[in-house]
Amino acid sequence: MVVYRFEDSRAGECVARHLNGYRGILQVDGYAAYNKLVRSDRGNDGVTLAGCWSHSRRKFYELHVAESSKVATETVERMAKLWQVEETVRGQSPDARVAVRQQTSAAIVTELFALWQQTLPRISGKSSSPRRSATPSRVAPSSSASWPTAASSSTPTSSSEQSGPRP
């Protein structure tokens with residue numbers, strides 16, 4: 001379900017009020033106020049955050065275009081495979097889309113997380129890398145055990161909402 005609710009403010013209190021009592025996966029754009037909905041020990045407290053692939057991709061894409069990071073280029077290339085999967089399932093039944101995502105997309109996501117866990121910790125937090133703005137924690141749900149499920153049931157954002165053209 002998609003919900004839009006207007007507020008005059010982006011204050012964390014608004015997020016907490018609107019989502020009070022919510023249970024399930026919440027796809028978010030990285031806005032820090034959503035983090036307050038999840039326990040600090042990252043235990044499942046009813047809300048599981050799942051970040052937006054396009055928001056995460058943005059910084060990697062900028063570095064890829066600037067040819068300043070091999071990790072960024074590899075990330076963008078691997079993420080492109082997710083959008084290719086979505087193109088193949090567009091128009092199919094929800095069950096068919098989920099089946100393909102579980103079979104294909106989950107493996108791609110696993111590869112991405114392995115790449116990030118191997119390479120991003122070695123990059124200085126002060127560098128111009130995507131480490132701080134496009135890390136696995138920005139994409140993965142708050143429980144590491146649940147991110148493959150979220151990846152296999154969610155959809156990458158459409159090409160019109162991505163930053164820049166698809167590779």
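The values are calculated or read from the model by the stated rules, or taken from the named source; none is laboratory data. Note that this is a predicted model, so its numbers are computed, not measured. Ideal geometry is used to build each Cβ from the backbone, glycine not excepted, and the neighbour counts take in all protein chains shown.
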| task | State which residue is surrounded by the fewest Cβ atoms within 10 Å (Cβ to Cβ) when the search covers only segment 77-106 and only residues that are closer than 20 Å to Ser54 by Cβ and among the small types (Gly, Ala, Ser). | result | Ala80
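Looking at segment 86-100, is at least one residue under 25 Å from Thr119 (Cβ atoms) and either in contact (Cβ under 8 Å) with a residue 40 or more places away in the chain or of a type in the set (S, T, N, Q) (or both)? Please lay out each step first, then the result.
Kept after step one, since they are under 25 Å from Thr119 (Cβ atoms), are these residues of segment 86-100: none.
Checked segment 86-100: no residue is under 25 Å from Thr119 (Cβ atoms) and either in contact (Cβ under 8 Å) with a residue 40 or more places away in the chain or of a type in the set (S, T, N, Q) (or both).
Limited to segment 18-31, what total is found for residues that are farther than 13 Å from Cys52 by Cα and of a type in the set (Gly, Ala, Ser)? Outline the logic, then answer.
Taking segment 18-31 first, the residues farther than 13 Å from Cys52 by Cα are 18-24.
Keeping just the survivors that are of a type in the set (Gly, Ala, Ser) gives 21, 24.
Here the count works out to 2.
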| note | The number of residues in segment 109-135 that are surrounded by 18 or more Cβ atoms within 10 Å (Cβ to Cβ) and at pLDDT 85 or above is 3
